[in-house]
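Have a look at the structure below, then the notes.
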Amino acid sequence: MSAGTAGADRFSGRAAAGLSADHTTTRMTRPKLFLLKPSFPDPKAGPGLFHCPHSAAVEGLLSFHPELRERLEVRYVDFARPRQEVIAELGEAHQVCPVLVLPPGVQGPVPGRSAEGRSFFVGSPEIAGFLAQWAGTSLPHS
Ligand SMILES: N[C@@H](CCC(=O)N[C@@H](CS)C(=O)NCC(=O)O)C(=O)O
């Protein structure tokens, strides 16, 4: 197995998604966080394997504040489009990741973007800002 394949495999299972055994009772009420799996090819960007810097920054927040994995449903999706799991929440036009999607009808403590009746936050600064207000996690220092 290549290093790239091993890296991607780390993010494909339930354990990697941070789902607890009783997640079925709470998954409808938890915000969903979609991160891009690392080590993907992108011929348009050049040779080699890539990761998404925004997803890496949000992954870092999950490491700094592990309680977030209990409060969020963390999903890892492929870089290649279509990103079906994201489309199922926000529609075809909104596939950019990382994205944090609030449950239907829920408005967050800070205004987000809006599609399909859902409030959502795109990219690491927006997601970190939401999490700081909603979960009390640290703010990015500039
Ligand atoms: N540019 C985004 C930040 C996130 C981002 O650029 N994500 C990239 C991957 S690193 C992405 O999903 N691009 C769309 C695509 O590759 O289809 C923003 O609106 O803040």
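Quick note: the coordinates plus some simple rules give every number you see, no bench work behind them. Given the structure is predicted, the values throughout are model-derived calculations rather than measurements. Reconstructed Cβ throughout: ideal geometry from the backbone, glycine too, with neighbour counts over all protein chains shown.
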| Fewest to most neighbouring Cβ within 10 Å: what's the order for Cys97, Cys52? | Cys52, Cys97
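For Trp134, what charge total do you get from the other residues with a beta carbon under 13 Å from its beta carbon, if Lys and Arg give +1 and Asp and Glu give -1? Write out the running numbers ahead of the final one.
Numbers: positive: Arg30, Arg71; negative: Glu67, Glu126.
The answer is 0.
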| Roughly how many nanometres apart are two label points built 7 Å out from the Cα toward the Cβ at Arg69 and Ala88? | 2.2 nm
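Based only on other Cβ atoms within 10 Å, what is the fewest-to-most ordering of Val96, Val101, Val86? Working shown, then result.
On the way: Val96 16, Val101 26, Val86 23.
By the 10 Å Cβ count, ascending, the order reads Val96, Val86, Val101.
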| query | Counting Lys +1, Arg +1, Asp -1, Glu -1, what net charge surrounds Gln95 among other residues with beta carbon under 12 Å of its beta carbon? | reply | -2
| request: Figure the gain on full extension for Leu49 and Ser114 (residue separation times 0.36 nm, minus the Cα-Cα span) and round it to one decimal in nm. | output: 20.2 nm
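Restricting attention to region 37-77, which trypsin sites (Lys or Arg not before Pro) occupy a DSSP loop and are surrounded by at most 11 other Cβ atoms within 10 Å? Provide the component values of the computation, followed by the final result.
Values: sites: Lys44, Arg69, Arg71, Arg75; in loops: Lys44.
Within region 37-77, the qualifying trypsin sites (Lys or Arg not before Pro) (loop, at most 11 other Cβ atoms within 10 Å) are Lys44.
What do you get for GluC sites (Glu not before Pro) in region 53-142 restricted to DSSP loop and a cutoff of at most 13 other Cβ within 10 Å of the site's Cβ? Walk me through the intermediate numbers first.
Values: sites: Glu59, Glu67, Glu70, Glu73, Glu85, Glu89, Glu92, Glu116, Glu126; in loops: Glu67, Glu92, Glu116.
For GluC sites (Glu not before Pro) across region 53-142 that sit outside H, G, I, E and B with at most 13 neighbouring Cβ atoms in 10 Å, the list reads Glu67, Glu92.
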| task | Per residue of region 75-89, in order, report the coupling 6.51 cos²θ - 1.76 cosθ + 1.60 (Karplus, θ = phi - 60°) as ³J(HN,Hα) in whole Hz, putting x for Gly and Pro. | result | 10, 10, 10, 5, 5, 4, 8, x, 8, 4, 5, 6, 4, 4, 8
